[in-house]
Amino acid sequence: MKWLKNLENIAKNHKSGLCPICGSKETDFGYSIIDPKSRMGYGAVWCNSCRHAFHISRVEVKDEKHIKEIPHNLIY
Amino acid sequence: MPENMTYEEWFDSDVLARSISRKEANTGAFSNLKIPMQKRYVRRIAEQYNIDLSGITIKIQRSESMLSLTMTGSTDYNNIGRIDLFPNAFIDEEQLVKTLLHEKRHVWQLKTYGKKYVEENLNRMEEGAYSFEDEQYNLLKKRAKK
């Protein structure tokens, strides 16, 4: 899994780290809630330089700071 | 190791478990997870709930740091049929079953609609996957073999 280190970085220090595809530092991550009651939703880690991304498909969203609009033109 | 198995298949197989009397529960940082993080338990529970895993490749991510992230699964958009399970999928049977159903739905979506359409309609795809997991879980748990 190419984005595993990025997920580990997010878990450890809330930073998404270098893009595993192009090496850019311009990465970001965010979550979107599908069910407000259970707070289950999805997320993504993406690179703003090359637009490659990793889709997190099933997650309980607890990280309020990173609930945001996930860009639409990403390459998963 | 049997010649017809990869190392990963061997690690997760009953063959190895029998040969070294491997523990039946998670240990260390994973000890609070009720379901052992092994493919044979995933397959066993899927069978109990009558979830067909044919054509699905399961990968278990065993990174301890992932425990603090609340994600349970992901579906590979490029290697369609691959599902990754994260440690929190193993919290209990319900989480594991719902995660398998959810990710299987994404595999179906990718095969049915294609990657491009799924990428462009993530919100709708997720709504569909959550509806599917709820409906199917409620149905299958009543019929599950104990």
If I filter segment A:18-25 for residues that are within 11 Å of another protein chain (Cβ to nearest Cβ) and in contact with a helix residue (DSSP H, G or I) (Cβ under 9 Å, 6 or more places away or on another chain), do I get at least one hit? no
What number of residues in segment A:50-64 are closer than 20 Å to B:ASN78 by Cβ and in a strand (DSSP E or B)? 7
Regarding B:SER21, is this residue modelled with pLDDT under 95 and on the phi < 0 side of the Ramachandran plot? no
Quick check on segment A:18-37. Is at least one of its residues open to solvent by less than 30 Å² (accessible area, probe 1.4 Å), in a helix (DSSP H, G or I) and out of contact with any Lys or Arg (no Cβ under 6 Å at 6 or more places or on another chain)? no
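In segment A:1-17, what count of residues is obtained for those that are part of a loop (DSSP other than H, G, I, E, B) and either open to solvent by less than 50 Å² (accessible area, probe 1.4 Å) or away from every other protein chain (no Cβ under 12 Å) (or both)?
Count: 4.
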Take segment A:31-59 and flag every residue that is aromatic (Phe, Trp, Tyr) and more than 8 Å from chain B (Cβ to nearest Cβ). A:TYR31, A:TRP46
Going through (1) more than 11 Å from chain A (Cβ to nearest Cβ); (2) acidic (Asp, Glu); (3) closer than 17 Å to A:MET1 by Cα one by one, B:GLU93 fails only at (3)
Under 7 Å between Cβ atoms, which residue pairs at least 6 apart in sequence (or on different chains) link something in segment A:60-71 that is touching a residue at least 12 places away in the same chain (Cβ under 8 Å) and within 8 Å of another protein chain (Cβ to nearest Cβ) with a partner that is open to solvent by less than 70 Å² (accessible area, probe 1.4 Å) and aromatic (Phe, Trp, Tyr)? A:VAL61/A:TYR31
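Which of the following residues is over 29 Å from A:ILE10 (Cβ atoms) and in contact (Cβ under 8 Å) with a residue 24 or more places away in the chain: B:GLY55, B:GLY73?
None of the others qualify; the one that does is B:GLY55.
The values are calculated or read from the model by the stated rules, or taken from the named source; none is laboratory data. Quick caveat, the model's predicted, so the values are computed rather than measured. Positions of Cβ are generated from backbone atoms using ideal geometry, with glycine treated the same way; all protein chains shown enter the neighbour counts. Side chains included, ligands, DNA and RNA excluded: accessible areas come from the protein's heavy atoms. Shrake-Rupley method; radii C 1.70, N 1.55, O 1.52, S 1.80 Å.
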